[in-house]
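Shown next, in C-alpha cells, is the structure this report addresses.
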Amino acid sequence: MAKKNGSIMYKCSNCGYSQPRWLGRCPECGEWNTLEEIIIDKNAVTAAGRGSEQVIKQKPVSLASVTSQKNSRLSTGIDEFDRVLGGGATLRSAILLGGEPGIGKSTLLLQTAASVSIQNKVLYISGEESAAQIKERAERLQLNCSNIQILCTSRLEDSLDALDSVKADFVIIDSIQTIYSAEAGIVPGTVNQLKYCANEFISWVKERDSVLIMTAHVTKEGTIAGPKSMEHMVDTVISFEHNSDDVRFLHAQKNRFGSVDEIGIFSMTEKGLIAVGDPSSLFLTKRKVSQPAGVACTPVFEGSRVFLVEIQALTVPAKASISRIYSEKIDSGRVARVAAVIEKRCGLCFSDQDIYVNVAGGIRLAESSIDAALAAALYSARTDLPVGANTAIFGELSLAGEVRSVGKTRQRIKAAENLGFTDVITPDDDDGKVKISDIKSLVKEIFRK
C-alpha cells in the first residue's frame, strides 16, 4: 500500500510499486533507476482518465530528442474545410467555430461528422437541439449517421463521462455557450463557465489522439461571444460568414498548425453546404450591357488561390458639411488614403463627396494589391468614365502616387487572361501586359480612349 509523503510519492515504471521515498533499486522487481516522482492531484486530467490522482512530474527535455508526430492530421472529408484548417484537423487540437445564428454551423459540422464517421469514432454533443431534431436534419441532408454517437445534454460532467466511455476520435460540442458545470455555477454562458468548461474539454483532447470542435455564439459586432482568453486557449479559431446570397465563407482567424490566408467557399442548398469547386469567377458580375462607371476588376490571392473580384465605387455630393466613407468589405481607412492620393496627385476633388465602396459577392479584401483597382474605381465614379470591361488592374499605391509591384504577378495575370481579360495593367516590368509607374500613368492608360 503506497503511503503519501505530503503530495509526492515514487512509483516504479516497470512494476507499479510505489513508496514515499526514492530508491535507486525497486524492492519489488529489482530494476534500477525505475522509480519516478509522482504528484498526488485529485483534479488532474491524464490519458488514463479524468480525476486520476497520480500524475508523473514533468521535467524539461531537449527539443532535439523529441520525435515529431507523423500522420498527425485527420481529414474532415470536406476539401474546403481541410483547406482552411491547413490540410486537415490536427490531432490533439481544439478548434473554435464561430458564426451568426442560422448561418449553417450545425449543418457543416453534421456533414463533417458523417464524413469522418466512416473510418473514425464520432461523438456529437448538443446542448441546443434534441436528438430527434438532429436526426431530422441528417435525413433531410441524406447523410449516413449510423456511426455517430450523439449526446444531448448541457451538463459538463455528463459530457466528460461520455468522452471517457466512447473514446471518440472526433468530438463536436454544439455549442460551448450551452455547457455548464456545478463547479462554476448553474448559469451557462457566463465568463467562468466558458473558461472552466472549455478548459476541461481542451485538457481532455490534449491527452488523446482526437480532434475537438466547439461552436460558439457571436455578438452583434460579429466577434465570438465570451472572454477573449477562450480564443487563446484553443489552437484554431474559424469564422463562418456569408453575403447577401447563399454563399458562405469559412476562414481562419488563428491557426497554430497552418496558414490563416486560406478561405473556404460554400453554397447553401437544399442538400446542405456544397463546396464551390472553381470560385475564380464567382465574384464577377455578368452583364449583357456595357460596363458602368465606378467598376474595376482585380485579381486577388486568398491563400493559394486567385480570385477575380469586382470593386464598385460611387461618389455623390456630401449631404453634410463633412464627407463620409461607407465601406464594409474594404477598410474605410484604405479608401480614404487612396482618395487622398488621387486628389493630391491628379487634382480630382473628393473632399466634398460621400464615397460608397462595395465588393461584388460580399468577399472582404485586405490585400495591398487592390489599391490600383480601387483608385481606378474611384476615379471612374467621380468622372463618370467607365473602365474597360476587359481590363484587370492590380498594384500597390504609395502616398507619393507610385504604383508598386506585388507578389505572384504571373499567377494573377494568368488567372485574368483565363477569364477573358485582355488588358492587364500592372507595375511589373517583365510580366505586365501594360506597364504603369504612378497614379497619373494609370489614369492615362485606363481612360486613354
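Each other residue within a Cβ distance under 14 Å of D354 adds +1 if Lys or Arg and -1 if Asp or Glu, for a net charge of +2.
As a length-normalised measure over Cα pairs under 8 Å and 6 or more apart, the relative contact order of region 99-166 settles at 37 percent.
Compared with the dominant Cα axis of the chain, that is its longest principal axis, helix 131-140 is turned about 40°. Need one number: the % of Cα-Cα pairs in region 251-329 sitting beyond the 17 Å mark. Above the 17 Å cut-off, region 251-329 has 66 percent of its Cα pairs. Where a ≥ b ≥ c are the square roots of the eigenvalues of the C-alpha gyration tensor, would you call region 141-252 rounded, which needs a/c under 1.5, or, failing that, prolate if a/b is larger than b/c, or oblate? In terms of gyration-tensor shape, oblate. Here the gap between S62 and R256, fully extended at 0.36 nm per residue and compared with their Cα-Cα distance, gives a gain of 67.7 nm.
All other residues whose Cβ lies under 12 angstrom from that of L365 are scored, Lys and Arg at +1 and Asp and Glu at -1, for a net of -3.
Mean sequence separation of contacting Cα pairs (under 8 Å, at least six apart), scaled by the length of the chain, corresponds to a relative contact order of 11 percent. Taking amide hydrogens as placed 1.01 Å from N in the peptide plane, the amide H of G361 sits under 5 Å from that of no residue at least 5 positions away in sequence or on another chain.
In the calculated pair distance distribution of the chain, what percentage of Cα-Cα distances lie above 31 Å? Of all Cα-Cα distances in the chain, 55 percent exceed 31 Å.
Note on the chain: with a GNM built from Cα contacts shorter than 10 Å, the maximum mean-square fluctuation among S93, S175, S437 falls on S437. Here the label points at C29 and E221, each 7 Å from Cα along the C-beta direction, are separated by 5.7 nm in the simple model. Surface composition of the chain: carbon and sulfur make up 48 percent of the accessible area, probe 1.4 Å. Using a cutoff of 8 angstrom between alpha carbon atoms and counting only pairs six or more residues apart, the relative contact order for region 142-258 works out to 19 percent.
Per-residue accessible area (protein heavy atoms, 1.4 Å probe) orders L194, L91 as L91, L194, starting from the largest. Rolling a 1.4 Å probe across the protein heavy atoms gives region 232-324 an accessible surface of 48 Å² per residue. For the chain, the mean residue ellipticity at 222 nm estimated from helices alone is -7000 deg cm²/dmol, where every DSSP H run of n ≥ 4 contributes -39500 (n - 2.57) and the total is divided by all residues, rounded to the nearest 500. Taking only the Cα atoms of region 329-449, the radius of gyration and Dmax are 13.6, 40 Å.
Remark: accessible surface ordering of R410, R305, R140 (largest first) is R410, R140, R305, probe radius 1.4 Å.
Residue by residue through region 255-270, which ³J(HN,Hα) values in whole Hz follow from phi under the Karplus form 6.51 cos²θ - 1.76 cosθ + 1.60 (θ = phi - 60°), with glycine and proline marked x? Per-residue couplings from phi come out as 7, 6, 10, x, 7, 9, 8, 6, 9, x, 10, 10, 10, 7, 10, 5 Hz. Solvent-accessible area of V316, all protein chains in place: 40 Å² (probe radius 1.4 Å, heavy atoms, ligands and nucleic acids excluded).
Looking at region 142-225, the trypsin sites (Lys or Arg not before Pro) that sit in a DSSP loop and have at most 13 other Cβ atoms within 10 Å of their own Cβ are K167, K220.
If you sort Y180, Y124 by accessible surface, 1.4 Å probe, largest first, the order is Y180, Y124. Per the Debye calculation on region 216-372 with a single equal scatterer at every Cα and no solvent contribution, log₁₀ I(q)/I(0) for q = 0.08, 0.10, 0.17, 0.18 Å⁻¹ amounts to -0.31, -0.47, -1.15, -1.23.
Going by the alpha-carbon gyration tensor, a ≥ b ≥ c the square roots of its eigenvalues, is region 137-190 rounded (a/c under 1.5) or, if a/c is not under 1.5, prolate (a/b greater than b/c) versus oblate? Oblate.
Taking the empirical scaling 2.2 N^0.38 Å for compact globular proteins as reference, region 81-148 has a Cα radius of gyration ratio of 1.14.
Taking all protein chains together and rolling a 1.4 Å probe, D209 ends up with roughly 80 Å² accessible. When the square roots of the Cα gyration tensor eigenvalues are ordered a ≥ b ≥ c, the ratio a/c for region 78-220 is under 1.5, which makes its shape rounded.
Quick one: which residues, 5+ away or cross-chain, put their amide H under 5 Å from the amide H of S175? H built at 1.01 Å from N. Hits under the 5 Å cutoff: G127, E128. Of the trypsin sites (Lys or Arg not before Pro) found in region 241-275, those in coil by DSSP whose Cβ has at most 14 other Cβ atoms within 10 Å are R256, K271.
Left without a cysteine partner by the 4.7 Å Cβ rule in the chain: C145, C152, C197, C297, C346, C349.
The values are calculated or read from the model by the stated rules, or taken from the named source; none is laboratory data. Computed from a predicted model, the values in this text were never measured in an experiment. All Cβ positions, glycine included, derive from the backbone under ideal geometry; neighbour counts span all protein chains shown. With ligands, DNA and RNA removed, areas are computed over all heavy atoms of the protein, side chains included. Shrake-Rupley method; radii C 1.70, N 1.55, O 1.52, S 1.80 Å.
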